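Values quoted throughout were computed directly from the atomic coordinates according to the rules given, and no laboratory measurement underlies them. Since this is a predicted model, take the numbers as computed values, not measurements. Note: ideal-geometry Cβ built from the backbone for every residue, glycine included; neighbour counts use all protein chains shown.
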Amino acid sequence: IVGGHEAPEGAWPGVVSLQVLRGGVRFTHLCGGVLLSQRAVLTAGHCVDGRTDPCSWRAVLGAHSLQQRGARPARRRIRRIFVHSHFRRETFENDVALLELRSAVRYGLSIQPMCLPPAALEPGLENSSDCYISGWGRTAEKGKTSSVLKEAQVGILPPSLCNSSQGYAGLVDNKALCAGAWAGGTDTCQGDSGGPLVCYHPDTDKYFLIGIASFGVGCGRPRYPGIYVRLSQYRAWI
């Protein structure tokens, strides 16, 4: 996360660290994910593209620091990986995947599922300025990843602005959302992909999951906000 700060411990109990086995010896964080149920984690399709062997992955849930030892973070191996059948790596279209955990996790203070909003609330949330991103990714475009979970507040930007000739020039389709700041400075970065974009709904006093981090040009650059999968378009698939 670029331009954010360390998240309060336990603030985002639905955020998952997806880790890949390197050299057959140790797991390293590669992408974020979102817990949807006791055994389902949603992430970006490009995270698992070309790495669909479940044995090379694990999910770490309820973590704050990835250096944490001991029992508190739950670690789960993966049973199956489902990538959207129309995912296209050239354009990041349909950039979603689901991981089925080998065994269910137990919910507690530090592990909770994230909720997709009721359909009636989607339009308002998709225009919200009170949204958050979170992850263990890089803290600058060419920087290092973070060992602790970071968060940043972002707003959803109108497609007309995001797609203007100064910005993505029509690259962003209606199955994606733009979020961040037009002036730059706050964004997801490498290692945050697949992590949540949540927006606050005052009437219910809840944060709802409306997107997952997909791609961008650099990290935190002016006129190139982060692009997120617009989950309202993928309810049936999920």
Completion exercise
Exposure-ranked with fewest Cβ neighbours within 10 Å first, Arg235, Arg51 stand as Arg235, Arg51
Problem - Phi to ³J(HN,Hα) by Karplus 6.51 cos²θ - 1.76 cosθ + 1.60 over region 49-65, Hz, x for Gly, Pro - result: 4, x, 9, 8, 6, x, 5, 8, 10, 9, 10, 10, 10, x, 8, 10, 9
Practice task
Give a residue-ordered list of calculated ³J(HN,Hα) values for region 164-181 (Karplus: 6.51 cos²θ - 1.76 cosθ + 1.60, θ = phi - 60°; whole Hz; x for Gly, Pro).
Solution key: 5, 5, 6, x, 7, 6, x, 6, 9, 8, 7, 9, 9, 10, 9, 8, x, 9
Fill in the blank from the handout: Length gained, Thr52-Leu171, 0.36 nm per residue minus C-alpha separation, equals 40.1 nm
Problem - In Hz, Karplus ³J(HN,Hα) per residue of region 15-25 (6.51, -1.76, 1.60; θ = phi - 60°; x = Gly, Pro) - result: 7, 10, 9, 9, 10, 10, 6, 10, x, x, 10
Fill in the blank from the handout: In a Gaussian network model of the chain with springs linking alpha carbons closer than 10 Å, the residue among Gly33, Gly23, Gly218 that fluctuates most is Gly23
Handout entry: Projected label distance in nm at Ser37 and Gln67, using a 7 Å step from Cα toward the beta-carbon
Key = 3.8
Handout entry: Distribution of pairwise C-alpha distances over region 15-101, 5 Å bins, in %
Key = 3, 15, 27, 24, 18, 8, 3, 1, 0
Practice task
Just flag the trypsin sites (Lys or Arg not before Pro) in region 128-158 sitting in loop per DSSP whose Cβ has no more than 15 other Cβ atoms within 10 Å.
Solution key: Lys142, Lys144
Exercise for the section: Could you pull out every residue, at least 5 positions away or on a different chain, whose amide H is within less than 5 Å of the one on Arg102? Hs are placed 1.01 Å off N in the peptide plane, and Pro or chain starts have none. Expected result: Arg77, Ile78, Arg79
Handout entry: Compactness of the chain as Cα Rg over 2.2 N^0.38 Å, two decimals
Key = 0.93
Exercise for the section: Enumerate the lysines that Lys142 could reach by cross-link, defined here as Cα to Cα under 23 Å, with residues fewer than 8 away along the same chain left out. Expected result: Lys150
Problem - Loop-resident sites, region 21-120, for GluC sites (Glu not before Pro), counting at most 13 other Cβ within 10 Å (DSSP) - result: Glu90
Exercise for the section: Beta carbons within 10 angstrom, averaged per residue: use that to sort the peptides 8-21, 185-198, highest first. Expected result: 185-198, 8-21
Fill in the blank from the handout: So, over other residues within a Cβ distance under 12 Å of His64, counting Lys, Arg +1 and Asp, Glu -1, the net charge is -1
